[in-house]
Amino acid sequence: MPRRVGLLGGTFDPPHVGHLVVAESARVDLGLDEVRLLVAGDPWMKRTVGDASDRVAMARAAVGDDPHLCVDARETERDGPTYTVETLEALHAEEPDVDWVFLLGADAAARLSEWRRVADAYRLARFVVVTRPGQPLRLDAEADRHVERLEVPDLAISSTDLRARYAEGRATRYLVPERVDGYVRAHRLYDR
């Protein structure tokens, strides 16, 4: 039976407990062997704030020694914009016997029709949209045919809010893993 690996893409700027809850919920509920935090390099649809090396280091700190979670930094090692389909093609070439499950949030899923070669991406991985209880999911007809849904616990935590909290000196404890908090503070990543 082939290994089943989840890919949780994101900028992880910074990674927080909400990311880890999504990864663990997907691993257990979808029967995945592992989940990789796929750190975006230069995502063409989203602006990043933090340096790629810091975001990779924080993602590694977030997963710590969890045997079911790891970090994939391949997109940060490529020049130019990164596209999911190209990452999936590379993964298939490297690990052809893996069943890939691409995990994404409702905001990203709502824009799937804008993705580069999305039809090819659908053939390369099972797409699972992570939803929150009671949160509506609006997809176009094509995306609706190709994605599954996975409801996870609702934790109202965002990286945008966390960057503001760090900049303003507000509480961040328990919103991010302790090692991530230590990294952010030691490197003064989000200081104004």
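Readers should treat all values here as calculations from the given coordinates under stated rules, not as data from a laboratory. Please read these numbers as outputs of a predicted model, since none were measured by experiment. With ideal geometry, Cβ positions are generated from the backbone for all residues, glycine too; neighbour counts draw on all protein chains shown.
Note down, for the stretch 124-175, the three equivalent ellipsoid semi-axes (square root of 5 times each alpha carbon gyration tensor eigenvalue), biggest first, whole angstrom. Please report the intermediate quantities before stating the final value.
Values: eigenvalues 196, 28, 22 Å².
Square roots of five times the eigenvalues give 31, 12, 10 Å.
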Sort the stretch 58-105 into rounded, prolate or oblate with this rule: let a ≥ b ≥ c be the square roots of the eigenvalues of the Cα gyration tensor; rounded if a/c is under 1.5, and if a/c is not under 1.5, prolate when a/b is larger than b/c, oblate otherwise. oblate
Student exercise, the chain dipole from Lys, Arg, Asp, Glu Cβ charges, in Debye to nearest 20: 580 debye
How would you rank 64-73, 78-87, highest first, on the average number of other Cβ atoms within 10 Å across their residues? 78-87, 64-73
Relative contact order %, the chain, counting alpha carbon pairs below 8 Å whose residues are six or more apart: 26 percent
Considering the Cα positions of the stretch 1-94, please state its Rg to one decimal place and its Dmax as a whole number of Å. 13.0, 40
With every atom except the alpha carbons ignored, what do you get for Rg and Dmax of the stretch 91-167, in angstroms? 14.9, 44
Taking neighbour Cβ counts within 10 Å as the exposure measure, how do GLU89, GLU94, GLU178 sort from fewest upward? GLU94, GLU178, GLU89
For the stretch 3-185, build the convex hull from the C-alpha positions and give me its volume per residue in Å³. 116 Å³
Positive-end residue of VAL128, TYR174, ALA108, charge dipole of the stretch 89-192 with Cβ unit charges: TYR174
Cβ charges +1 (Lys, Arg) and -1 (Asp, Glu), total dipole of the stretch 1-95, debye: 220 debye
Cβ-placed point charges (K, R +1; D, E -1), dipole of the stretch 83-171 about Cα centre in debye, nearest 20: 420 debye
In the chain, with Lys and Arg counted as +1 and Asp and Glu as -1 at Cβ, which of these residues, VAL35, PRO81, PRO14, has the Cα nearest the positive end of the dipole, that is, farthest along it? PRO14
